[in-house]
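Here the structure comes first, spelled out in structure tokens, and everything after it is commentary.
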Amino acid sequence: MAAYVIVDIEITDPTRYEEYKRLAGPTVGAHGGRYVVRGGKVDMLEGDWRPGRIVVLEFPNAESAKAWWSSEDYGPAKSIRNACAKTRMLVGRARSPLPATRFPSPRSARLAVGLTHPELGDFRAPGEEESKAAADGLRVGREGGEPTSRTSGP
């Protein structure tokens with residue numbers, strides 16, 4: 001099962017850190033890993049965590065990730081990183097793949113998130129297209145500003 005190395009890095013010497021990046025990249029691939037996130041903008045969703053630079057690596061399994069981290073080929077790069085940055089690093093194991101949640105129609109998805117009531121009809125924003133609910137064979141509209149819903153057919 002896949003494993004992910006998640007790294008929060010506070011760079012203290014940007015020049016030396018560039019050397020680290022140059023040396024570290026090939027070692028990741030040599031151990032079956034790949035970069036999923038490498039720097040870039042992060043958006044805070046919750047809490048007070050203020051990461052410096054975020055890196056996420058994907059490996060085939062946790063053993064491969066640990067073998068990369070402790071390998072002789074990564075050692076020189078790791079020494080440079082330790083000298084030019086403060087790092088928090090962990091490896092997390094992926095769970096078994098979960099089945100995708102599939103809804104048979106847009107209306108079913110709207111029911112799941114509470115945008116449609118089985119008796120009162122669709123709660124859509126004014127101007128939203130009729131086709132979103134029509135895919136399920138429903139006729140949904142607004143009469144006098146109120147939602148209406150009628151099934152089509154016999």
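All of the numbers you see were taken from the coordinates with simple rules; none came from a lab. The shown structure was predicted, so the numbers you read here are calculated from the model rather than taken from an experiment. Neighbour counts run over all protein chains shown; Cβ positions are idealised from the backbone, glycine included.
Less than 5 angstrom separates the built amide H of residue 42 from none of the residues sequence-distant by 5 or more or on a different chain.
Figure the gain on full extension for residue 63 and residue 90 (residue separation times 0.36 nm, minus the Cα-Cα span) and round it to one decimal in nm. The partial results should precede the final answer.
Details: separation 27, 0.36 × 27 = 9.72 nm, distance 1.28 nm.
That works out to 8.4 nm of additional length.
Sorted fewest first by neighbouring Cβ atoms within 10 angstrom, 57, 45 come out as 45, 57. Comparing the range 3-93 with the 2.2 N^0.38 Å rule of thumb, its C-alpha radius of gyration ratio is 1.05 (two decimals).
Once R0 is set to 25 Å, what does the formula 1/(1 + (r/R0)^6) return for the Cβ-Cβ distance between residue 10 and residue 46, expressed as a FRET efficiency to the nearest 0.05? The partial results should precede the final answer.
Numbers: r = 21 Å, r/R0 = 0.82.
The pair residue 10/residue 46 has a calculated efficiency of 0.75.
Each of 17, 35 was scored by other Cβ atoms within 10 Å of its Cβ. Arranged with the fewest first, they read 35, 17. By the beta-carbon count within 10 Å of each Cβ, the least crowded to most crowded order of 41, 66, fewest first, is 41, 66.
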